[in-house]
1. Whenever you get a sec, compute what percent of the accessible area on region 1-135 sits on carbon and sulfur atoms (1.4 Å probe).
2. Across every pair of different alpha-carbon atoms, what Kirkwood hydrodynamic radius in Å does region 20-108 reach?
3. Would you calculate the separation in nanometres between label points at Ala46 and Asp104, each defined as 7 Å from the Cα along the Cα-to-beta-carbon direction?
4. Distance check, please: which entries in Lys27/Lys190; Lys392/Lys516; Lys391/Lys435 exceed 31 angstrom between their Cα atoms?
5. May I have the pair-distance distribution P(r) for region 7-67, computed from all Cα-Cα distances with 5 Å bins from 0 and rounded to whole percent?
6. Kindly state, to the nearest 0.05, the FRET efficiency for Ile475 paired with Ile186, given R0 = 51 Å and r defined as their beta-carbon distance.
7. Take the Cβ-Cβ distance between Leu427 and Ser556 as r, set R0 to 25 Å, and report the resulting FRET efficiency rounded to the nearest 0.05.
8. Could you tell me what % of all Cα pairs in region 92-229 have separations over 27 Å?
Amino acid sequence: MIKPKIITTVAQPLLVRPHPFRTEGPKGYSLRLAEANWIPLREVDALGIVFEAEILMVHGLLPNSSLDPDLHTKIRNINTLLTHYPRIWNHQSSRFCPMCLAEDAYWRTGWELLFYDACPQHGVWLIDQCSSCGEEVSWNRQSLVRCQCGSDLRAEKANACPENVRRLSILMENKLHSSNDQKFSIPFEKTNLEQTQRLIRYFGTYMDAEAERNPLKIQRAGSMVNSWAVTSLAAEVVFNWPTAFQESLQKIQSSSEDADSRRLNCVFGRAYHYLYRGLQEAAFHPVRQAFEEWLSSSWRGGLAKRNRRLAILLLAKATWIPATLARDTLGISNQRLLMLIREGVIEGEIHFSRAGSKFVMVRRDQLDLARDAVQGFIDMKTAGGALGLTKKRMRQILRYLFPEARKTGNAASMPWSVPRSAVESLLATTTGLGKVSIPDEGCVSIGHILRYWAWTADEIVSLIRAACSKEVAVINLLDGNAGVSGWIFHETTLKAWKAKSTMGYGTWLSVTQMAKILSIKQQVAYDLVKGHFINGETLHKQPKGGIRVSRVEVESFKQKYIFCTEIAQQLGVSPRKARSVLAGFYIHPISGPGIDNARQLLYFRNDELEYAIQDFVSEKDQEFRLI
């Protein structure tokens, strides 16, 4: 049996031995070395030539370290990066700047780095695709300055890149050749080249609100068609730090407004986890700090104390806090908190999940304002105790005496709250009056009236308000009776005041009494209240409802408005003619038939109207004299 002949190939020694340049990349140097010796690139690898100072010296490709120590230092630095951080290198795509290549035909180190997408010197995008053949420029080509199709790479047309992308390439080149005393800006102050690339990848992928679920896994990241979008976004974030970073976080939060995803995990996903797992070294502390500062000021979701990744101090200074914490801080119910949000006392956001559950967040910095609003109100029982009124009586007169009173929630069973200032203002009416143990003869207290006189709740409230306005004098206070129940009046004064009120001369008027004072029909009076020309108070628990009007409101109405019938009397014409005359002066009614379906025409009482009436009357008198 004849054994096959085994042929072995022995690597031939190099005939041309060019030294590497200080800024030349390892892959580019191997290609230049292969071209100089007219051998394929793979033959360089077969000879065992790698970008390492000792090996290059063995092959005669590097001078002695004493002759050029700086070159040896740079070779060792690049070899360390090749050995320990192989993922930072872009040896799949062959990138270049045609302008640099035309100036000096060697491959720059930065061109072989991932996310090094622009030329720092000329401010143009790097190129990795031949315009002649349309293919990506391959490392396995015969000439350094020519594509595998033979076209000259130096003739390629370069396009200008954004300034921040150029600055990003300068940053990476400085990191590549940096010395220990070189200063960098935040967030790259303490990062090495590999950590810098991790940040670029993180900013350029996760800061996109429309990013995929795991955008860090970029297919063919070395290709310009995939890389430029990452570096463009990362450059804007980096060189507008931390504003652009926090604005990006805000956009991500705004794109996830569903209450079902109001958690850090759901809103930010792996962008949040990677910040504390993939970027956990001390060099990334400024990034985590900027994220936590944004959380404390703008995050509108929940922060749980069991989240050990976030500092406890962050929970104490977060701007947006959940409703449970706000309720505990203010000591109020959930219904009361929702009411404060609806009234604008405190800024809050209410979200509903798909299942119908409610999720509420409020601003922490407005809790002090809310606390003042809460403390400014007292419940009905406390207010009744201060006024000396029973709970039953307080319930009857509450809405009459304190129109500002309101329920602390939507449910019918929720308690009433009364402004503390209104109660204190009411009690301040009798400050300085003396106290007596027994009322004088012919005098009576409000407590006695409530117990023995058949006065309605409306009449009691009218008496209290008349006392506050000094219409009825309180002569002294009954010792042992709290609040208004101890106010003492002359009995004859009370009877005269009640009779006056019944006849329509009191503080409060019924709609019928108001109609008589204004000399209008009752339905017209109701139209005025309905149209809010006169403010009326609804009387609760009346069989058919009821409205009362303050005499002050009626007097104010007479000062602001005038009926067309009164204008017609002054003009000496019919109401219809009066409307036509005023229309000639471009004065039109604000209420009446054809406007708001009211029964009587109403005008503003102003100077224009007075001038129109005077002009018409003067012109009419002149015509009469001519006759």
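1. The nonpolar share, carbon plus sulfur, comes to 56 percent.
2. On the way: mean 1/r = 0.0720 Å⁻¹.
Value: 13.9 Å, from the Cα pair sum.
3. 3.3
4. Details: Lys27/Lys190 28 Å; Lys392/Lys516 35 Å; Lys391/Lys435 25 Å.
In this structure, Lys392/Lys516 lie more than 31 Å apart at Cα.
5. Per 5 Å bin, starting at 0, the Cα pair percentages come out as 4, 17, 32, 27, 12, 5, 2, 1, 0.
6. Values: r = 76 Å, r/R0 = 1.50.
After rounding to 0.05, the efficiency reads 0.10.
7. The pair Leu427/Ser556 has a calculated efficiency of 0.35.
8. Values: 2277 of 9453 pairs.
Across region 92-229, Cα pairs with separations above 27 Å total 24 percent.
The values are calculated or read from the model by the stated rules, or taken from the named source; none is laboratory data. As the structure is a computational prediction, the values presented were derived from the model and not from experiment. Note that we place each Cβ from the backbone using ideal geometry, even for glycine, and neighbour counts take in every protein chain shown. These accessible areas exclude ligands, DNA and RNA; they are computed on the full protein's heavy atoms, side chains included. Shrake-Rupley method; radii C 1.70, N 1.55, O 1.52, S 1.80 Å.
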